[in-house]
1. Search region B:45-86 for residues being more than 7 Å from chain A (Cβ to nearest Cβ) and in a loop (DSSP other than H, G, I, E, B), and hand back the single one that is nearest to B:Leu153 (Cα to Cα).
2. Among the residues of region B:74-106 satisfying the criterion of being of a type in the set (Asp, Glu) and surrounded by fewer than 15 Cβ atoms within 10 Å (Cβ to Cβ), which is nearest to A:Asp110 (Cα to Cα)?
3. Take region B:87-111 and flag every residue that is of a type in the set (Gly, Ala, Ser), closer than 19 Å to B:Asp158 by Cβ and at pLDDT 95 or above.
4. State whether one or more residues within region B:124-142 are basic (Lys, Arg) and more than 7 Å from chain A (Cβ to nearest Cβ).
5. If only one of B:Ala131, B:Ala55, B:Ala95 is touching a residue at least 24 places away in the same chain (Cβ under 8 Å), touching a helix residue (DSSP H, G or I) at 6+ places or on another chain (Cβ under 6 Å) and not charged (D, E, K, R), which one is it?
6. Residue under question is A:Ser172, and the condition is that it be among the hydroxyl-bearing types (Ser, Thr, Tyr) and closer than 15 Å to A:Met87 by Cβ; does it hold?
7. Name the strands (runs of 3 or more DSSP E) wholly inside region A:11-115 in which the number of residues that are without any contact (Cβ under 8 Å) to a residue 24 or more places away in the chain, in contact with a Ser or Thr (Cβ under 7 Å, 6 or more places away or on another chain) and of a type in the set (D, E, K, R) is 2 or more.
8. Consider region A:98-126. How many of its residues are among the aromatic types (Phe, Trp, Tyr) and either closer than 16 Å to A:Gly64 by Cα or away from chain B (no Cβ under 12 Å) (or both)?
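The values are calculated or read from the model by the stated rules, or taken from the named source; none is laboratory data. Note that this is a predicted model, so its numbers are computed, not measured. Note that we place each Cβ from the backbone using ideal geometry, even for glycine, and neighbour counts take in every protein chain shown.
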Amino acid sequence: MKAIRTIIVLAILAVAAFVAYKWYTAPEASNVTMHEAKITDVAPMLRLCSVEIYDDVPVKGTIGDRHMFARVALNGSISFDLDSVQMSESADTIAVTLPREIVDVYESTDAGAYQVIDTWFDSFLGSSNFTTAEENSIKSKVRDDYRKDIYKKGYVARARKEAVANLTSLLSGLTGKTVIVNDPTPDGTL
Amino acid sequence: MEINIMNRLSSLVLTIILITGALLTGCQFIDGTQEIVPQRNYLSEVKSVNKLILAQMTISKMATIDDIDLSKVEGMKQMAAGLMDAVKVGDRKAAYSYDTYLQAYLDLSTLTPDDIKVDEATKTITLNLPAVQTEFAGRDMEIREDHYRVSGLRSHIDPKERAEIKEQMNTALKKEVEEKSEFRSRLETEARAKADTYFKSILGTDGYNVIVNFK
């Protein structure tokens with residue numbers, strides 16, 4: 001009798017172990033289908049980039065009695081379109097006017113760059129859900145505010161100053177002429 | 001005697017099932033405390049660079065959400081999830097996409113006076129530029145909702161789920177770009193052509209023949 005009991009116990013343990021093994025080694029239960037990435041545009045450009053910014057910022061949004069809190073990692077850059085640069089050349093001098101800056105702010109492609117930490121609502125009954133359009137509008141505002149902060153913190157002024165130095169060095173090194181880079185708006189144009 | 005053994009046996013089976021269930025579902029909460037997920041520290045970095053960006057590629061990635069098709073399940077987890085989906089009332093389908101930007105650039109900080117050579121005899125300027133490099137500039141903050149149909153008693157797709165999907169899309173996209181060389185090679189070709197045109201226009205003004213090489 002004892003032998004039968006032991007066999008039954010061992011059989012149950014073996015089945016449980018087998019089920020656990022199969023469960024852990026099984027593919028993840030995913031209902032998301034990934035489609036192949038597509039190249040939608042390849043654009044040639046000529047931009048001198050003088051400052052890059054990486055920042056983690058909070059995303060806070062409220063619509064009615066619904067609230068959302070998330071964090072996002074941003075990649076920013078300040079660059080200058082050299083295709084539109086104004087140049088005038090005399091015998092041994094090149095005069096260049098630094099164009100308006102281009103401030104790009106993107107979401108980082110680093111792992112975990114965007115994390116929604118909490119969504120909640122104030123009323124007793126209701127839903128804390130945000131639609132895609134609502135979430136996008138909150139994130140757009142965060143990006144627009146961040147772009148303004150880039151100007152406020154003086155990053156644009158710094159980028160323009162460094163672009164003047166970099167462009168002077170590049171053009172004088174290539175042409176062997178005296179290069180004067182004028183900056184009509186040292187603090188940039190928001 | 002037999003009844004006693006049967007009782008003890010059923011108690012043993014019940015215990016094993018409960019322990020297995022606990023192991024499978026929630027061992028991290030066994031002491032009653034919630035698992036703390038480590039968050040990345042908030043950081044901020046502003047750095048000076050001297051890059052000449054020559055081309056940018058826009059890459060679009062799409063993902064769709066749908067119930068698991070029972071005829072295509074692999075393994076127990078998908079089978080369990082598929083069965084759960086099958087008994088739920090209503091549909092839950094959506095498609096999301098967003099753009100990621102890959103850019104090609106020259107690091108001008110590595111350009112030295114030795115990289116430009118002038119041969120007055122043949123009126124030729126040879127410029128040795130640094131190698132074209134590529135990097136991800138970033139991705140759109142917004143996500144496009146190309147399709148959304150949640151009906152019956154199904155739950156809406158909330159911001160947390162969308163963020164998780166975007167994370168999966170990002171991982172898959174980066175893997176594709178790494179594995180398929182056409183993404184970077186097409187961008188690099190475009191960048192080299194742009195650099196060639198630009199530097200020839202600057203250096204060739206006094207009737208010099210300009211040769212642009214890349215390291």
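1. Taking the candidates together, the pick is B:Asp69.
2. Going through the qualifying residues, I end up with B:Glu74.
3. Listed by number, the residues that qualify are B:Ala94, B:Ala95, B:Ser97.
4. Within region B:124-142, none of the residues are basic (Lys, Arg) and more than 7 Å from chain A (Cβ to nearest Cβ).
5. B:Ala55
6. So A:Ser172 passes the test.
7. Values: elements: A:32-34, A:38-63, A:66-81, A:86-89, A:93-97, A:101-107.
Filter on region A:11-115 gives A:38-63.
8. So the first thing to find is which residues in region A:98-126 are among the aromatic types (Phe, Trp, Tyr), and the list is A:106, A:114, A:120-121, A:124.
If we keep only those that are either closer than 16 Å to A:Gly64 by Cα or away from chain B (no Cβ under 12 Å) (or both) too, we end up with A:120-121, A:124.
So the answer is 3.
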